[in-house]
Amino acid sequence: MIAPDCDVAIIGAGPAGAALAIHLRKAGRSVVLVEKESFPRHHIGESLTGECVGLLDELGMSDHLRTAAYPVKRGVTVTGANSRARFWVPVEACEGSSRRPATTWQVRRDEFDAALLDKAVAMGAELVRGTCRDVTRDDGRVTGIVVRGEAGDRHAIASHYVADCSGQKTFLAGKGLTGPKSRTGYENQTAVFAQVRGLVRDPGERDGSTHIFYGERHHWAWSIPLSKDVTSLGIVLPKGALRRDGRDLQQIFRDALGKVNGELIERSRDVELCGEVETISNYSYSIENFTGPGFLCVGDSHRFFDPIFSFGVLIALQEARLAAQVIDRSLADPAHPDQFDGFVEASMRAQRVVEYVIRTFWDYPFAFLRLAHFTHQSDIAEIFSGRLYTPEVMEIEAVRLMREMLHRTGQIAA
Ligand code: FAD
């Protein structure tokens, strides 16, 4: 076997890849981070949950968050098709939880991702600009990656472990190393989104918070403030609704905006686009067997559900933290490599809770409204904040109730 160039080769430098690199560097491990885009690059996914605050502090990002003047998020408002059906979930909630932050941030992902990557490089991760094209294998074990550099050169990087952090590109699944990519039932959706000026936001302290506008099942819109006057505005439609019929994306965006929710129509009368309209489809999937000899997948590279409650960056950061621990442990004990069970277990447990929340919201909206607004406000706030990675999360009363209901109605297995 060739002597490895590094302990861990990471494919992709989004939140999962950069955070993993920082944790591994803190543990004294050598890291090569391969990224195909040149940063800063635009990325969707701006709203952070409460738990991200502590995770980012651990990554040394608190100064960046304080100085970047990102809007302060105090919670999420969900407005129903009829605006009287409205509920608010604050970032802070749980009485007696002193470590819970009262606020979090809405980040401009170009700046945020670039700052996280800069931190990884400052910590000693080696950044290789190029596209990962393949993996190398030896007797069934992944032993490194093959990269095409910016100048078109092709070279191999040998590593003890490979971490796939390629996001929606699901690189290792594409190479057949994981289980197949299966759809979650949420795939028939398309998001069309842009940054806008002139949207009427929530008044007072809630000006920086997220607002979700419900249209009908699986048809909704988000408003996420990005600065004093710029807002990320997106509409999620059933895929068929995006038939172009000679329209350009701007027209599709405006047409969709005019239909999704009465209150949003009122608030968006004077909206002006201040960037390109973009679209993304088929973004929900799940991949089994996302770890194996010499590799593991982190963040979107093995699963993405519905983005409605903004769990994506949280999951990327949490999984990066856990992945670093299991890789470090495995490197320290070469006689027992690939000690990934704890990572898989915690990841699947959290993803299951996300699934319960989202399925209940869409399929039993009145039951969800009752939990969030009347009977289990603090449980729902706890979940929205992203406290999903403790073994006890399944014991939270609201989680138990959602699981039982979905099981009773045949939506999930026991
Ligand atoms: P990414 O951030 O996608 O990073 C992957 C990186 O890998 C990219 O930089 C890419 O260039 C690089 N890469 C890919 N392939 C290769 C290769 N072969 N070689 C080298 N580099 C490669 N999340 C939230 O937390 N809040 C939100 O409000 C939110 N809204 C969303 C709205 C929509 C419509 C969607 C679809 C998602 C949303 N998300 C949101 C999810 C969030 O964007 C993702 O979960 C998050 O970015 C995942 O981080 P990641 O590091 O796993 O992947």
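The values are calculated or read from the model by the stated rules, or taken from the named source; none is laboratory data. All of these numbers come straight from a predicted model, not from anything done at the bench. We place every Cβ from the backbone using ideal geometry, glycine too, and count neighbours over all the protein chains shown. Accessible surface areas use protein heavy atoms only, side chains included; no ligands, DNA or RNA. Shrake-Rupley method; radii C 1.70, N 1.55, O 1.52, S 1.80 Å.
Give the residues of the range 325-337 that are within 15 Å of K26 (Cα to Cα) and open to solvent by 10 Å² or more (accessible area, probe 1.4 Å), sorted by residue number. First the steps, then the outcome.
At the first step, the residues of the range 325-337 found to be within 15 Å of K26 (Cα to Cα) are 325-329, 331-332.
Selection gives Q325, D328, R329, L331, A332.
Taking the stated definitions as given, is A158 under 22 Å from L20 (Cα atoms) and either over 24 Å from the mean Cα position of the chain (by Cα) or more than 15 Å from the ligand (Cβ to nearest atom) (or both)?
Numbers: under 22 Å from L20 (Cα atoms): yes; either over 24 Å from the mean Cα position of the chain (by Cα) or more than 15 Å from the ligand (Cβ to nearest atom) (or both): yes.
Yes, satisfied.
Kindly list the number of the only condition in (1) more than 24 Å from the chain's Cα centre (by Cα); (2) of a type outside the set (K, R); (3) surrounded by fewer than 19 Cβ atoms within 10 Å (Cβ to Cβ) that fails for N289.
That leaves (1) as the condition not met.
Regarding the range 215-236, can at least one residue be identified that is without any contact (Cβ under 8 Å) to a residue 40 or more places away in the chain, of a type in the set (S, T, N, Q) and over 22 Å from R303 (Cα atoms)?
The answer is yes; a qualifying residue exists.
All but one of (1) open to solvent by 20 Å² or more (accessible area, probe 1.4 Å); (2) at negative phi; (3) within 16 Å of the ligand (Cβ to nearest atom) hold for N282; which doesn't?
(2) is the only condition that N282 fails.
Spot the failing condition for D134; the list is (1) within 10 Å of the ligand (Cβ to nearest atom); (2) crowded, with 21+ Cβ neighbours inside 10 Å; (3) in the same structural domain as G292 (by TED's automatic domain parsing), and only one is missed.
So D134 meets the others, but not (2).
Return only the number of the condition from (1) within 15 Å of the ligand (Cβ to nearest atom); (2) outside any helix (DSSP H, G or I) that I358 does not satisfy.
The single condition I358 does not satisfy is (2).
Within 28 Å of T279 (Cα to Cα) and not assigned by TED's automatic domain parsing to the domain that holds S47: is that true of Q195 in this structure?
Yes, satisfied.
State the number of residues belonging to the range 137-153 that are within 15 Å of the ligand (Cβ to nearest atom) and more than 17 Å from K36 (Cβ to Cβ).
Final tally of qualifying residues: 2.
Checking the condition of a type outside the set (S, T, N, Q), part of a helix (DSSP H, G or I), modelled with pLDDT of 95 or more and within 16 Å of the ligand (Cβ to nearest atom), which residue from E319, E345, E404 passes?
E319 is the lone residue from the list that is of a type outside the set (S, T, N, Q), part of a helix (DSSP H, G or I), modelled with pLDDT of 95 or more and within 16 Å of the ligand (Cβ to nearest atom).
Being hydrophobic (A, V, I, L, M, F, W, C) and within 15 Å of the ligand (Cβ to nearest atom) is the filter here, so list the residues in the range 1-23 that pass it. So that I can check it myself, show each step before the final result.
Keep residues of the range 1-23 that are hydrophobic (A, V, I, L, M, F, W, C), which gives 1-3, 6, 8-11, 13, 16, 18-22.
Once the filter is applied, which keeps residues that are hydrophobic (A, V, I, L, M, F, W, C) and within 15 Å of the ligand (Cβ to nearest atom), the range 1-23 yields V8, A9, I10, I11, A13, A16, A18, A19, L20, A21, I22.
With the requirement that a residue be surrounded by 18 or more Cβ atoms within 10 Å (Cβ to Cβ) and more than 17 Å from the chain's Cα centre (by Cα), what does the range 1-29 give you?
Selection gives C6, D7, V8, A9, I10, A21, I22, H23, L24, R25, R29.
Out of (1) within 16 Å of the ligand (Cβ to nearest atom); (2) open to solvent by 40 Å² or more (accessible area, probe 1.4 Å), the odd one out for L249 is which?
(2)
Considering only residues that are open to solvent by 30 Å² or more (accessible area, probe 1.4 Å), touching a Phe, Trp or Tyr at 6+ places or on another chain (Cβ under 9 Å) and among the β-branched types (V, I, T), look in the range 47-89 and name the one that is nearest to the ligand (Cβ to nearest atom).
Within the range 47-89, the match that is nearest to the ligand (Cβ to nearest atom) is V53.
Give the residue that is farthest from the ligand (Cβ to nearest atom), with candidates limited to residues of the range 116-131 that are surrounded by 22 or more Cβ atoms within 10 Å (Cβ to Cβ) and part of a helix (DSSP H, G or I).
Within the range 116-131, the match that is farthest from the ligand (Cβ to nearest atom) is A120.
For the range 161-193, how many residues are more than 12 Å from the ligand (Cβ to nearest atom) and either open to solvent by less than 40 Å² (accessible area, probe 1.4 Å) or among the aromatic types (F, W, Y) (or both)? Quick ask: steps written out before the conclusion?
We begin by selecting, within the range 161-193, every residue more than 12 Å from the ligand (Cβ to nearest atom); these are 161, 176-185, 188.
Those still in the list that are either open to solvent by less than 40 Å² (accessible area, probe 1.4 Å) or among the aromatic types (F, W, Y) (or both) too: 161, 177-179, 184.
Summing the residues that are more than 12 Å from the ligand (Cβ to nearest atom) and either open to solvent by less than 40 Å² (accessible area, probe 1.4 Å) or among the aromatic types (F, W, Y) (or both) in the range 161-193 gives 5.
Just checking, which of V146, V196, V142 is more than 30 Å from Q250 (Cα to Cα), buried (at least 23 other Cβ atoms within 10 Å of the Cβ) and at pLDDT 95 or above?
When all the criteria are applied, what remains is V142.
Which one of A9, A18 is assigned to a strand (DSSP E or B) and among the small types (G, A, S)?
Checking each option against the conditions leaves just A9.
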